[in-house]
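The values are calculated or read from the model by the stated rules, or taken from the named source; none is laboratory data. Predicted, not measured: the structure shown is a model, and the values here were computed from it. Backbone-built Cβ (ideal geometry, glycine too); neighbour counts: all protein chains shown.
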Amino acid sequence: MLSLTCSSKRGLLDDGLFVEEYTGIPSWVEDLARYTVVHSRTVAVLFVDTRPVDATAFNHDLLGADDPKSVFRVLG
């Protein structure tokens, strides 16, 4: 189970996420980082390399987005 502080504050992940509830794994490389979005029917989680950095309410428009990273809050 994972827990994301900023996402938890938005009430998206409750106490964390269970991997078996998630599908859809678009992934891409940008500069030296790998970005991966894992989503369920209700929430999408952005990972940078292997670290979860943010989650947002899932919207089907995310799947066809030219820049899915723009939907999330990525620090630094």
If I ask for residues that are in contact with a helix residue (DSSP H, G or I) (Cβ under 9 Å, 6 or more places away or on another chain), of a type outside the set (A, V, I, L, M, F, W, C) and under 18 Å from residue 70 (Cβ atoms), which ones from region 21-41 would you list? 24, 26, 30, 35, 39
Kindly indicate whether any position in region 5-26 is assigned to a strand (DSSP E or B) and at pLDDT 80 or above. no
Every residue from region 43-65 that is at negative phi, exposed (fewer than 11 other Cβ atoms within 10 Å of the Cβ) and touching a Lys or Arg at 6+ places or on another chain (Cβ under 9 Å): 50
